[in-house]
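Enquirer: My structure is below; once you've seen it, I'll send some questions.
The values are calculated or read from the model by the stated rules, or taken from the named source; none is laboratory data. Bear in mind that the values here come from a model prediction, so they are computed numbers and not experimental data. Glycine gets a Cβ as well: all are built from the backbone with ideal geometry, and neighbour counts include every protein chain shown. Note: areas computed on protein heavy atoms with side chains; ligands, DNA, RNA excluded. Shrake-Rupley method; radii C 1.70, N 1.55, O 1.52, S 1.80 Å.
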Amino acid sequence: LDRMPAGIAELQRRLVAARADTRSEVEAATRRVDEQRTRLEAILLDLTEGVIVCNLDHRILLYNQAAARILDLRETLGLGRPLFGLLTSEPILHILEQMLPPLDSLSAPKATARDAVTGHESRRFVCATHDLGTLLEARMSVILEANGTASGYVLTFADVSARIESLATRDHILREVMVEWRRPLANLTAASEMLEDADTLSASERGAFQDIVGKEVAALNARFRDLSRAYEQLAAGPWPMADIHSLDLFRAMRKHLATGSAIEITLIGVPTWLHADSHS
């Protein structure tokens, strides 16, 4: 029994050391998680695309500010809330069914630790907000655990309503030119052919054909003005604008003009910040 106190003291020392090591490892792991979360939040905050992370029950686990801005449904957007209160369910369920591995696929290769965040495959599709007010172009990636099983999915999306509306307007303009202009052009062609044979026409017949030409030309001119205004509105769409310092802009111009141009740039006044499409 003489050695028992020393043995108990040694066991106590080892227990205290083990607890300290465990506490240090937990603190280090917590710091790593906090650092990763901070980096992820910074990345998501900087994205212009909306990002929503969901589990397989379609509950929202994470989203960024761009998602809140694009969806403009802050009262229904929140952690733990159902995704299908924001977006239509049919396209998302259809794509997810295609991307999830089959339940009986036991021989599927396991994901490595490096691949344990998202699968390599992503699918693009189009969906809409629940109120059908906004059309979204989306991309889905499945989240895989280390053993290869899916635990959720990531949606990234952008508002394409304006782009779709612009394409529809362009299609309408092209369709009107191809279809609606066919009849007046045919009338003009027939009237001009008849006027070429003016010797066989009476004065009243010649006047009637001239009236047809005048009316059809006036109608085409009116339609052309309307289409021109519609096209100008399309051409005046948003350009990729950004803040650029005037010195940087003029340095780029000077470099561009250095190859065989007689134009010289002299900077005068105080530099300032401009909001412009610097490339154009």
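Enquirer: Scan region 112-121 and give yes if some residue there is of a type in the set (D, E, K, R) and modelled with pLDDT under 60, otherwise no.
Expert: Yes: one or more hits.
Enquirer: Here is a list of conditions, (1) of a type outside the set (Ser, Thr, Tyr); (2) more than 23 Å from GLU97 (Cβ to Cβ); (3) open to solvent by 40 Å² or more (accessible area, probe 1.4 Å), and VAL160 meets all of them except one; can you say which number that is?
Expert: (3)
Enquirer: Spot the failing condition for TRP181; the list is (1) open to solvent by 60 Å² or more (accessible area, probe 1.4 Å); (2) modelled with pLDDT under 80; (3) under 27 Å from GLU165 (Cβ atoms), and only one is missed.
Expert: (1)
Enquirer: Shifting gears a bit: Going by the conditions given, is LEU174 closer than 20 Å to LEU220 by Cβ and open to solvent by 50 Å² or more (accessible area, probe 1.4 Å)?
Expert: yes
Enquirer: Can you name the number of the only condition in (1) outside any loop (DSSP other than H, G, I, E, B); (2) at pLDDT 85 or above; (3) of a type in the set (Gly, Ala, Ser) that ALA252 fails?
Expert: Looking at each condition in turn, ALA252 falls short on (2).
Enquirer: Look through LEU44, LEU15 and report the one residue that is surrounded by 14 or more Cβ atoms within 10 Å (Cβ to Cβ) and in a helix (DSSP H, G or I).
Expert: From the options LEU44, LEU15, the qualifying one is LEU44.
Enquirer: Considering only residues that are outside any strand (DSSP E or B) and of a type in the set (D, E, K, R), look in region 137-174 and name the one that is nearest to LEU47 (Cα to Cα).
Expert: So, considering only residues that are outside any strand (DSSP E or B) and of a type in the set (D, E, K, R), the one nearest to LEU47 (Cα to Cα) is ARG163.
Enquirer: Among the residues of region 97-111, is there at least one that is at pLDDT 70 or above, open to solvent by 70 Å² or more (accessible area, probe 1.4 Å), closer than 30 Å to ASP226 by Cβ and not charged (D, E, K, R)?
Expert: no
Enquirer: Further question on the same structure: Scan region 59-74 residue by residue and report those that are surrounded by fewer than 18 Cβ atoms within 10 Å (Cβ to Cβ) and more than 20 Å from SER161 (Cβ to Cβ).
Expert: Scanning region 59-74 gives ARG59, LEU61, LEU62.
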